[in-house]
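The values are calculated or read from the model by the stated rules, or taken from the named source; none is laboratory data. Model, not experiment: these values are computed from the prediction. When we count neighbours, we look across all protein chains shown, and the Cβ atoms used for this are built from the backbone with ideal geometry, even at glycine. Accessible surface is based on the protein model in full, side chains and every heavy atom, while ligands, DNA and RNA are left aside. Shrake-Rupley method; radii C 1.70, N 1.55, O 1.52, S 1.80 Å.
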Amino acid sequence: MGQQEYLIGDIAAITGLSRDTLRFYEKKGILNARKKANGYRYFTEDDLYLLVRILFSRKLNFGLDSIEELLSRPPLCPDYQETLRQQADEEMRAIRFHRQALNRLLSMKKIYEEMEGSLNKFRIKTFPDSRMLYTFDSPTEGLKQWFRLTQEYPGMDMVYIYDCYQYQSGFSLRPPGCGEAAGAEQVYEAELKYRHTSLVLYQDVMEAMEPEYDFSEWRDCSGSPCIHTTVEARDPEPEVSLISSMRTWAAGKGFLPASEVFVTSNVSGMRGTSPVYSQEIYIPLL
């Protein structure tokens, strides 16, 4: 029994594909219309079955060039199955990429919402559940390691760079025997001394990363109550007057701050030709 003949409009109506798409498939050579004596082009049930295969392969994210190659192979041959395996691996990589992108978006959304709520305000906040991956003696070395990690391990661009400073209070000193003589008293201003730079990865980011990453060997730096604030600044280093104000605020509430100050700074925009830094500052409590 002969097969029913279908014009291109019939195929378009049955399959939901546009005429342009069907013509493109013809141009690519994966669909071939037959011609009648009067010049009309037509298709048969064989072409409908072929379109089932094509559309299903498109749902597997195969490109038309790959589909054309697949159609030339029987499904049970090793080459066909190897192509399926390679495509499955590619889809897994895409899933990981999109999962990491989603995690970045949700993490940044949460962070910026919290930063907005704490901008120029002092509060007591627990340091995020996290692990300290590396520690360096200069900010530059910390930045270099950040770039090395992001190139080697997917998702490591979510590592935070924290600079640690040592706070030293200001004080006045009057040498013995100087009495009240003018100019005898020496005043020492409070200062911040840079100590080291650490790369820190938050727990919620670790949970969304690859299961083969093992972070258990890294130092746990979670759960410490801290004085916390966020500010915008012209430099990545915090102003010593701000740290003094944070410590004074904490002392007024009966808290004893440690001398360490942890700061993560990110460029949030440009003011003219100069960057603006968003600083998140933590001072642990004793």
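A few remarks follow.
- Theoretical gain in end-to-end length, Gln3 to Tyr194 [0.36 nm per residue, Cα-Cα removed]: 60.5 nm
- Mean projected area of the convex hull spanned by the Cα atoms of the range 61-100, taken over all viewing directions: 2.8 nm².
- Estimated [θ] at 222 nm from DSSP helical runs (n ≥ 4, -39500 (n - 2.57)) normalised by residues in the chain, nearest 500: -13000 deg cm²/dmol
- As a length-normalised measure over Cα pairs under 8 Å and 6 or more apart, the relative contact order of the chain settles at 17 percent.
- Between the range 225-239 and the range 98-170, the alpha-carbon center distance in angstrom: 13 Å
- Charged neighbours of Tyr80, selected by a Cβ distance under 11 Å, balance to -1 (K, R count +1; D, E count -1).
- Qualifying aspartates and glutamates (Cα of each under 15 Å from Cα of Lys59; at least 8 residues distant if same chain): Glu68, Glu90, Glu91
- Accessible surface for the chain, divided over its residues, is 61 Å² per residue with a 1.4 Å probe.
- Label selected from (i) 5, 19, 20, 13, 11, 11, 9, 6, 3, 2, 1, 0, 0; (ii) 6, 30, 39, 22, 3, 0; (iii) 7, 24, 24, 17, 9, 6, 6, 5, 2, 0, the criterion being P(r) over Cα pairs in 10 Å bins from 0, in percent as computed here: (i)
- Taking a straight line from the alpha carbon of Lys109, these lysines sit under 29 Å away, with near neighbours fewer than eight places off in the same chain left out: Lys121, Lys125, Lys144.
- Chain lengthening between Ser169 and Asp157 when straightened (0.36 nm per residue, less Cα-Cα): 0.8 nm
- Summing charges over neighbours of Asp163, with a neighbour being any other residue whose Cβ is under 13 Å away from its Cβ, gives -4 when K and R count +1 and D and E count -1.
- Heavy-atom accessible surface of the chain: percent carbon and sulfur, 1.4 Å: 53 percent
- Of all segments of the chain bounded by trypsin sites (Lys or Arg not before Pro) found in a DSSP loop with no more than 14 other C-beta atoms within 10 Å, the longest spans 122-233.
- Note on Phe255 and Thr21: with the Förster distance fixed at 51 Å, the Cβ-Cβ geometry gives a FRET efficiency of about 0.15.
- Computed over the range 1-132, Kirkwood Rh from alpha-carbon pairs, angstrom: 19.5 Å
- Taking all pairs of distinct alpha-carbon atoms in the range 67-130, Kirkwood radius in angstrom: 16.1 Å
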